[in-house]
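Inspection log for the structure reproduced underneath, given as structure tokens.
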Amino acid sequence: MPRQSLTVNNLRVMLSDRGKAQFIDVRDPGEFADERVDGFANYPLSSFPKSLRQLDKNAPIVVLCTNGSKAKLAANILEEEGYADICIVAGGLLSWKVQCFPLAKAV
């Protein structure tokens, strides 16, 4: 399946009905700790491809970053490593925030 773009509105629906999808945030750990979308696990781009062993190649992967640029780089690496069903969140966390969708904040 080719790489797809996912709107934040569609992401919100996917998060409520998780299914088999894997949700990864490729921002740095500090950024992830400050604010994040609930349901995403942190897989910093700097740890690719080593950290990818934990992901299921047969399940869809939704990739999020701040604005979409790191997500595109991450998707390239995922494709090189044999992952096929990849969705990039269009506009990243910034688009999520523009819609005033909820964020998990650091405690």
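The values are calculated or read from the model by the stated rules, or taken from the named source; none is laboratory data. Every value quoted in this text rests on a predicted model; they were computed, and no experiment measured them. Ideal geometry is used to build each Cβ from the backbone, glycine not excepted, and the neighbour counts take in all protein chains shown.
Residue-wise test of (1) without any contact (Cβ under 8 Å) to a residue 60 or more places away in the chain; (2) among the β-branched types (Val, Ile, Thr); (3) touching a strand residue (DSSP E or B) at 6+ places or on another chain (Cβ under 8 Å).
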site	(1), (2), (3)
14	yes, no, yes
42	yes, no, yes
57	yes, no, no
86	no, yes, yes
Practice task
Could you identify the single residue in 92, 82, 68 that is at pLDDT below 95 and either crowded, with 21+ Cβ neighbours inside 10 Å or in contact with a Ser or Thr (Cβ under 9 Å, 6 or more places away or on another chain) (or both)?
Solution key: 68
Exercise for the section: Output yes when any residue across segment 52-63 is assigned to a helix (DSSP H, G or I) and either surrounded by 13 or more Cβ atoms within 10 Å (Cβ to Cβ) or acidic (Asp, Glu) (or both), and no when none is. Expected result: yes
Exercise for the section: Could you tell me whether any residue of segment 27-35 is touching a residue at least 40 places away in the same chain (Cβ under 8 Å) and either of a type in the set (Val, Ile, Thr) or assigned to a loop (DSSP other than H, G, I, E, B) (or both)? Expected result: yes
